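Have a look at the structure below before the remarks.
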Amino acid sequence: MAQLLKTDVEGRLVPLLSLSIWTAVLSVVTLGFYRFWMKTLLRRHFWSAIRPDRTPLEYVGKGIEKFTGFLIALVILALLIGVVALILVYASFALFQEEYEAYLIAAVLAIPLIYFASYRAKRYVYARTRWRGIRFGLEPAAGRYTAYAMGQLFLTLITMGGLWPRMTFKLEKFRTDRTFFGTQRLNQGGRWTGLIKPFLPVLISFWVILFVIGGAVWLSVEGDFVLSAWAGLMPLLSIVAIFGGLFFYTRYRVVALRYMTNHKTAGGVGLISNASFPRIFWLNFAGYILTNLFTTLASLAVAGVASGVLILAFPGLRDFGLFATGAVSDGSGLGGEGMPSAEVGVFFAIFIYMSTLLFFSVFRQTFVLFPVWRHYAETLTLTGGEHLRKIAQRARDEAGEAEGMAEAFDLGAAI
Amino acid sequence: MTGAVRSPWGPIPEGVLCDFVDGESAHRHEVYVQVRPNEAGLSLSYTDDTGQAQTWTWPLSHLRHVEGQTKLRWGPARLGVFTNVLTPTARLYVRDTVLLHDIEARAPSLRHRAPVTGRGRLAGLIAGATGSVALIVFFLIPLIADQLATLLPIEGERALGEKTYQQVREAFSGGFVPLGECADEQGLVALKQMETKLLAASTLASDAVQLTVLDFDMINAFALPGGRIVVMRGLIDAAETPDEVAAVIAHEMGHVDHRDPTRHALRSVGTFGVLSLVFGDFAGGTMVLMGANQLVNAQYSQAAESAADSYAHDMLPRAGISPGALAPLFERLKADYGDSEGLASHLASHPQLGDRVTRAQSAAESYVDDGMPFMSNMAWQRLRQICD
C-alpha cells in the first residue's frame, strides 16, 4: 500500500515576531552586516516549522559562510557595478543628455546575472537543507541554466508573452531534474501545455495593455479625434487590464506551483499539493492589511517617543507636541530659537525612515510570508513513503560562495 | 505507519518510543530510548528488518543539541532534537517531556560546538575584500571618472548638472515641494549683473556659468556640472559686502573651469553603486539622501581647493575686488562656528581654513584698489532681498 505522509506545521506567530524584531534591529545597528546571520536564523525557524511526516526540515547553513560568500562576490561586483555604472552614465549623458538609457542597458546586462545568481543561491540553500538527516542537493549548472533561461526568455519575448508558461515549466524542469534528495534524483513530470489554461487570462490582460499603449501612441501620432470617445475609454480599460492581469498572474503562480508539485517525483516518492488560490489570496490580502496597520502603529509610537526626547532636548519644539519628530524631519522645526540644527533634522528623518522600513519587513515576514509558507506546507502530502528507505545520504556540497551574488542583488527569494 | 515491522509476539523493549534517523538512509526508525546513568549512556533499541533486536549505546558525553533546534515545539510540548558528535548527521527526536528533561539534566556537553576553523582564511578574506573595494572606490573609480569628465561634451555636462540640481533641491526641502529658487525681479537683475561682471573678468566663456540663489538657510555655495553655481540665501545673509559673495563665487568658478563638479558627479555614480552593494538593500533610499548631501558638501581634494583658490586670486583683481575679500567672511565664520561645524556651515568647515585666509591675505598684498565699488549699494541691497 502506498503510504501517504501528511505535513504538520508548527505555526505560532509570537516566536517568529520576536525573532524577526531583534534580528532586524541588530541588522540596522550593524549597518546591515548582521543580515547574513539574521537570514540564517529566520531560515532555521521557517524550515524547522515544517514537519513532513512528523520530522522537521532542518536548515544547517551558517551566517559566516554567507558573509564570506558575500565578500567574494562583493569584489567582483564592486568592480563590475562601479566601473560599468560609471561608463554607462557617462555614455548616456554624452550621447543622449539623459540617464534613462544607462538604466535600460544596465537592466539588460543584469538579467543574465540575476538568473546566474539565483541558481547559485538555490544550490547553496538545497545543500544546507536536510530532512531525516539526509541532505538535499542541486547539481552545479548555473552557467548552463543562465544560457537556457536566456533562450526561453527570448522565445517568450518574440511571442509577446505567449510562451511564458513554457518558460515557467522548462526552467522549473531544468532545476528539478538536477535536484537530489540524498542519492535520489528528482524528476519533473507533466507538460508545459498543462499551464496554458491558467495563463490565458494573464496573457489576454497583457495584450489588452499592449493594445491600449499601442493605440495611445497611434492616436498621438495621427491626432484623429473621431476616435476620441475611444480614447476616453482607454485609461479605464488599462486600469481594469492591469488589475486583472495582476490578479490572474497571482493565481497563475499558485496554480503553476501546484501543477509542478503534483508532477514531481523522487523515485517512488511523489508529492501532492492542495494549495488553494483563494486561501493564498486571502492570506496576502489580510496579511498586508495587518502589516500596514502594525507598521503605522509602530512607527507612530516610535515617532511619539522620539518627539518626547526631542522636546526634552530642544524646548523650542514644545508647540509641535507629538509631531515634533515630523516637524524636525520636514524642516519646519529647524533652526529657530531652542530648535535643533539641520544635522539633527537629517538624523531624525533617516531614523524614522529606517525604523518604518524595518517594521514593515518584520511585520510582512510575520503576517504575510509565514502564513503563506504555512499554507503551502500544510497542503503538501508525500506519497510512496515506503520508498524512502532506499534513499541514502549524499556527500556534502561545499557550495563555496554561498549565495554571495544573490545577496548582492537582494535575491533572497522569500527569506 | 512507518518504521520496522515488529513481530506482535516479540518482546517490547523497555524505554520511551522516539523517532530516529541514522543519517545514512532516509528510513526513519522507531527506537526505544532509555537513559542509563550507571553506564553514562543512552541506550537505543529497535528491531531491524530481519526481526533481530538491536541495541546500541550513545555515551551521554557524545550527545549534542542540534544547533538552532533547541526551542522547537510539538503542539504544547517541546520537541528535542539530538545528535551524536561521532555521527553528526544522525538525529534523535524526543517528544517525551520526562525523557527530554532527563537527557538535558544528565548529558554534560549538549551545547558544545565544533571548534571554529578557518579564522585565518576569514581574516584574509575580510582584509582582501576591504582592500579591493577601497582600491576600486578610491583609485579606480576616480581615475576613470577624471578621464571621462574631460571627455564629456558640454550638453551632457549641463544635463548631468540639471539632474543633480533637481536632486539637491529635493534633498534639502524636507517636504514634497523642492527648495525654492529666489526670483525677486530686481534681485535677479543684480545677480545677473554680478554674473556678467565676474565672467568678464574670468577666462571662462560668456555662457559658461549661471548663478542661482536657493532659499535655504545655509552658509554655502557650490558649483554643479555644466556651470550652474548655486548660492544659498544663508551666504548672502552672512556676507557684509558684495565683494565677499563675489569672492566665494570666483572660487566656485575656479571649480567650474577645472571641471571639478563633473568629475565629482561621475565619481559618485560609481561610488554609490559600490556603497549600496556593501550595505545591502536596506539603506537604498538613505544612500540617495546622503549622496545629494555629499554632493553639496563636495569635499574636493586639497589640491583642487588650492587650484580653485589660485584661480579666484587671479581673476578677482580683474573684477576690481581684492583677493583678500574672502578673509573677513571666513574669519567671522570661524569666530562663530569654530574650525569645523559640518553641515551647517560648509565654508567654515573647509580644512585648514587658517591657511586659506593667510594665502588670500598674501595674495591681496600686491593688490591696489581702484576705489570703484564692485557693485552699487542699491544693487547689493536688491541682491540681499532676492528671496523676498
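Which of the listed residues, B:SER132, B:THR55, B:SER173, is farthest toward the dipole's positive end in segment B:32-188, when Lys, Arg count +1 and Asp, Glu count -1 at the beta-carbon? Farthest along the dipole direction, towards plus: B:THR55.
Of all lysines in the structure, the ones whose alpha carbon falls short of 26 Å from that of B:LYS163, not counting any fewer than 8 places away in one chain, are B:LYS192.
Computed from the Cβ-Cβ distance with R0 of 22 Å, the FRET efficiency linking A:ALA313 to B:ASP237 stands at 0.25.
Simple point charges give the picture: +1 on the Cβ of Lys and Arg, -1 on the Cβ of Asp and Glu, and for the protein assembly as shown a dipole about the Cα centre of about 5340 debye. Using the rule -39500 (n - 2.57) for each DSSP H run of four or more residues, divided by the residues of the protein assembly as shown, the 222 nm mean residue ellipticity is -18500 deg cm²/dmol.
Ordering A:PHE96, A:PHE70 by the number of other Cβ atoms within 10 Å of each residue's own Cβ, fewest first, gives A:PHE96, A:PHE70. Each label was represented as a point 7 Å from its Cα along the Cα-to-Cβ direction; for B:SER366 and A:PHE154 these points are 6.8 nm apart.
Given R0 = 35 Å, the distance between the Cβ atoms of B:THR130 and B:SER306 translates into a calculated FRET efficiency of 0.70.
Our summary gives segment A:37-179 a relative contact order of 19 percent, counting only alpha carbon pairs under 8 angstrom and 6 or more residues apart. A simple charge model with +1 on the Cβ of Lys and Arg, -1 on the Cβ of Asp and Glu and nothing else charged puts the dipole of chain B at about 1720 debye relative to its Cα centre. Our estimate of slack between B:THR97 and B:GLN54, defined as 0.36 nm per intervening residue step minus the Cα-Cα distance, is 13.0 nm.
What whole number of Å gives the distance from the Cα centroid of segment A:254-284 to the Cα centroid of segment B:9-74? Each part's Cα centre sits 34 Å from the other's.
Full extension of the segment from B:GLU30 to B:SER61, taken as 0.36 nm per residue of separation minus the current Cα-Cα distance, would add 8.9 nm. The simple spin-label model puts a point 7 Å past each Cα toward its Cβ; for A:ALA301 and A:THR383 those points are separated by 4.8 nm. Label 7 Å along Cα→Cβ of B:VAL189; segment B:358-388 residues with amide nitrogen under 15 Å? Within reach of a label on B:VAL189: B:376-386. Charged neighbours of B:PRO153, selected by a Cβ distance under 14 Å, balance to -1 (K, R count +1; D, E count -1). Look at the stretch A:68-81: the mean tally of other chain Cβ atoms within 10 Å of its residues' Cβ atoms is 6. Its relative contact order, with pairs defined as Cα atoms under 8 Å and 6+ residues apart, puts chain B at 13 percent. Using a simple spin-label model with pseudo-atoms 7 Å out from Cα toward Cβ, B:ALA205 and B:SER109 lie 7.8 nm apart.
Compute the whole-percent fraction of alpha carbon pairs in segment B:61-104 spaced more than 11 Å apart. Numbers along the way, then the final one.
Values: 602 of 946 pairs.
Tail of the P(r) past 11 Å holds 64 percent of the pairs.
Segment B:152-168 and segment A:125-194 have their alpha-carbon centroids 45 Å apart. Counting neighbouring Cβ atoms within 10 Å and putting the fewest first, the residues A:GLU65, B:GLU170, A:GLU98 line up as A:GLU98, B:GLU170, A:GLU65. Among the trypsin sites (Lys or Arg not before Pro) in segment A:4-97, those placed in a DSSP loop whose Cβ has at most 12 other Cβ atoms within 10 Å are A:ARG12. Ranking B:SER362, B:HIS29, B:GLY273 by how far each Cα lies toward the positive end of the dipole of chain B (charges on Cβ) leaves B:HIS29 at the top. Taking a span of 20 Å or more along the helix axis (Cα atoms) and a mean Kyte-Doolittle hydropathy of at least 1.6 as the rule, the DSSP H helices of chain A that qualify are A:13-29, A:63-96, A:196-222, A:342-364.
Between the residues A:LEU219, A:ASN187, A:ALA147, the greatest Cα displacement towards the positive end of the dipole of segment A:140-247, with unit charges on the Cβ of Lys, Arg, Asp and Glu, is found for A:ASN187.
Place a point 7 Å from Cα of A:LEU237 in the direction of its Cβ. Which residues in segment A:176-205 have their backbone N less than 14 Å from it? Only A:205 fall inside the zone, counting backbone N under 14 Å. The ranking of B:THR47, A:THR193 by Cβ neighbour count inside 10 Å, starting from the fewest, reads A:THR193, B:THR47.
A short reminder: the numbers here are calculations on the coordinates, not readings from a lab. None of the values given here were measured: they were computed from a predicted structure. Positions of Cβ are backbone-derived with ideal geometry, glycine not excepted, and every protein chain shown enters the neighbour counts.
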